[in-house]
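Notes to accompany the following structure.
The values are calculated or read from the model by the stated rules, or taken from the named source; none is laboratory data. All values reported here derive from a predicted model rather than from experimental measurement. Quick reminder, even Gly has a Cβ in these numbers, built from the backbone with ideal geometry, and neighbours come from all protein chains shown. Surface accessibility is based on the protein's heavy atoms, side chains included, excluding ligands, DNA and RNA. Shrake-Rupley method; radii C 1.70, N 1.55, O 1.52, S 1.80 Å.
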Amino acid sequence: MNQQFAVIGNPIEQSRSPELHQTFAQKTGIHLNYVKRLAAPDAFKTSVEAFFAQGGRGMNVTVPFKEEAFALCDVLTERAKIAKAVNTLWRENDQLYGDNTDGQGLVAAMTALGWPLKNSQILIIGAGGATRGVIYPLAQAGARKIVIANRTLSRAEQLVQDLQQAVPQTTLQAMALNELSGNFDLVINATSASLTGEALVLPESLSFHYAYEMAYGKASSFLDQAKARGVKYADGYGMLVGQAIESFSIWHGVKPELQDFLD
Ligand code: ATR
């Protein structure tokens, strides 16, 4: 029987993970089954346990269960500990392992685009789970300074306080969204504004050369403004493929080339 994999979430219909993993499998000559698994809000733990009890090899975790997955794991990678969220599960020696590949997916996507991260000054808009998940990988990729701008300033300040110790080579700084200004190499939209169709206004006092929207397949006022300014920009598709490649490589020990899936 083929190895069994699944992505668990609620809702789950929209997930692109099965097709991505099947495509990687075809390309690398691996045989697997990868299905979508819908869990009721209070049934995440039982669903994960049932999947692995039935011989499942690995799972991806999506909204709203990434924090619950983090809490469920016996063993966590460093980046999952810092993210406080897990998107990749597997079992080893009767223990549940968890990693978070989202941040590395973002770094891989921007690297594939040729965007320079070393010594960069980065502005991240938003201070939720999406931002928490990418700080450490961006710091590891060489970011010199990361400013976190949020509508609710206290959340950005809390994130800086929580994470500064984990990234001693990178200066973290909090900023209120209504005071956005400064010169940055790169701006990342990690808010859920595009998901809910809300506008995000980038003032003239803010300048940047590259703009990355973490959302994918949605109208984005953030990207519209980046296009109008003539800077380089990308939506979250590369990050989506990048995190899937990282998960695939954990489970199978083979890493498909991101560039092959970006056109
Ligand atoms: P996620 O886990 O996807 O990051 P989250 O924890 O709900 O989701 O965080 C959503 C982020 O988007 C927050 O930073 C939120 O700002 P607040 O902390 O002030 O709520 C931000 N956000 C959502 N809608 C926004 C909007 N219309 N304008 C600006 N920021 C917005």
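Being under 16 Å from the mean Cα position of the chain (by Cα), under 22 Å from S120 (Cβ atoms) and without any contact (Cβ under 8 Å) to a residue 24 or more places away in the chain is the filter here; which residues of region 208-235 pass it?
Correct list: D235 only.
Could you tell me which numbered condition V63 fails, if it satisfies all but one of (1) within 18 Å of the chain's Cα centre (by Cα); (2) surrounded by fewer than 19 Cβ atoms within 10 Å (Cβ to Cβ); (3) more than 16 Å from the ligand (Cβ to nearest atom); (4) not in a helix (DSSP H, G or I)?
It is condition (3) that V63 fails.
Of the residues Q164, Q169, which single one is open to solvent by 20 Å² or more (accessible area, probe 1.4 Å), under 20 Å from the mean Cα position of the chain (by Cα) and of a type in the set (S, T, N, Q)?
Q164
Given the conditions (1) under 20 Å from A127 (Cα atoms); (2) assigned to a loop (DSSP other than H, G, I, E, B); (3) open to solvent by 10 Å² or more (accessible area, probe 1.4 Å), which single one is not true for K81?
With (1) under 20 Å from A127 (Cα atoms); (2) assigned to a loop (DSSP other than H, G, I, E, B); (3) open to solvent by 10 Å² or more (accessible area, probe 1.4 Å) applied to K81, the lone miss is (2).
Here are some conditions: (1) away from the ligand (no atom under 15 Å from the Cβ); (2) under 15 Å from Q104 (Cβ atoms); (3) open to solvent by less than 70 Å² (accessible area, probe 1.4 Å); (4) not small (G, A, S). Q140 meets all but one. Which one does it not meet?
(3)
Cβ-Cβ below 9 Å, separation at least six or inter-chain, first residue in region 13-42 and free of Cβ contacts under 8 Å to residues at least 24 places away in the same chain and open to solvent by 70 Å² or more (accessible area, probe 1.4 Å), second small (G, A, S) and assigned to a loop (DSSP other than H, G, I, E, B): which pairs?
Close Cβ pairs satisfying both conditions: Q14/G217.
Tell me, which residue of region 192-207 that is under 15 Å from G217 (Cα atoms) and touching a residue at least 24 places away in the same chain (Cβ under 8 Å) is surrounded by the most Cβ atoms within 10 Å (Cβ to Cβ)?
Only one residue tops the list, namely S194.
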